[in-house]
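Read through the structure below, which is laid out as structure tokens, and then see the notes.
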């Protein structure tokens, strides 16, 4: 699997929005500002989210948003923690909603990597302690070090 970029520039802590599109926009803009994604990335993430929801009812609910590789220049991961949970439709059961507390916006430039990265991330989401540490982070540097220790091993 291709390595992904994890950096403080791609972290948003304690953001406060009412709608998933607003949260996705903040994170997509961070990826765009660094040149990691192409024009249309945000719109395609939102469009894909409508067709294939990414909310996961983990012990601390998360959303794992992503879109096709054609909109990605460089694989990277943006992460947002929320001051108040935001409603996402549940993956696999779109008629149910979850209140996500952490948003992961995954940008992968190789479509062959998608399944591997998603499996890796879902495995991590089974750990209450890990999700609590991510959700409760107040320092971007410490959070990046934690994410690197989890995802870049």
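The values are calculated or read from the model by the stated rules, or taken from the named source; none is laboratory data. If you're wondering where the values come from, they're calculated on a predicted model, not measured in any experiment. When we count neighbours, we look across all protein chains shown, and the Cβ atoms used for this are built from the backbone with ideal geometry, even at glycine.
The set of residues from segment 46-71 being under 27 Å from residue 128 (Cα atoms), touching a helix residue (DSSP H, G or I) at 6+ places or on another chain (Cβ under 8 Å) and outside any loop (DSSP other than H, G, I, E, B) comprises 49, 56, 62, 63, 64, 65, 66. Tell me, please, whether a residue that is buried (at least 23 other Cβ atoms within 10 Å of the Cβ), within 21 Å of residue 148 (Cα to Cα) and either out of contact with any helix residue (DSSP H, G or I) (no Cβ under 7 Å at 6 or more places or on another chain) or in contact (Cβ under 8 Å) with a residue 60 or more places away in the chain (or both) can be found in segment 97-105. The answer is yes, given that some residue of segment 97-105 is buried (at least 23 other Cβ atoms within 10 Å of the Cβ), within 21 Å of residue 148 (Cα to Cα) and either out of contact with any helix residue (DSSP H, G or I) (no Cβ under 7 Å at 6 or more places or on another chain) or in contact (Cβ under 8 Å) with a residue 60 or more places away in the chain (or both).
If the condition is being within 15 Å of residue 65 (Cα to Cα) and in a helix (DSSP H, G or I), then segment 117-153 contributes 117, 118, 119, 120, 121, 122. Of the residues making up segment 27-45, just one is crowded, with 23+ Cβ neighbours inside 10 Å, farther than 21 Å from residue 131 by Cβ and out of contact with any helix residue (DSSP H, G or I) (no Cβ under 7 Å at 6 or more places or on another chain), namely 36.
For first residues located in segment 14-40 and at positive phi and at pLDDT 95 or above, partners that are crowded, with 16+ Cβ neighbours inside 10 Å and not in a loop (DSSP other than H, G, I, E, B) and lie 6+ apart or on another chain with Cβ distances below 8 Å form the pairs 14/81; 14/82; 40/71.
Scanning segment 82-96 for residues that are under 18 Å from residue 45 (Cα atoms) and either crowded, with 23+ Cβ neighbours inside 10 Å or touching a strand residue (DSSP E or B) at 6+ places or on another chain (Cβ under 7 Å) (or both) turns up 86, 87, 88, 89, 90, 91.
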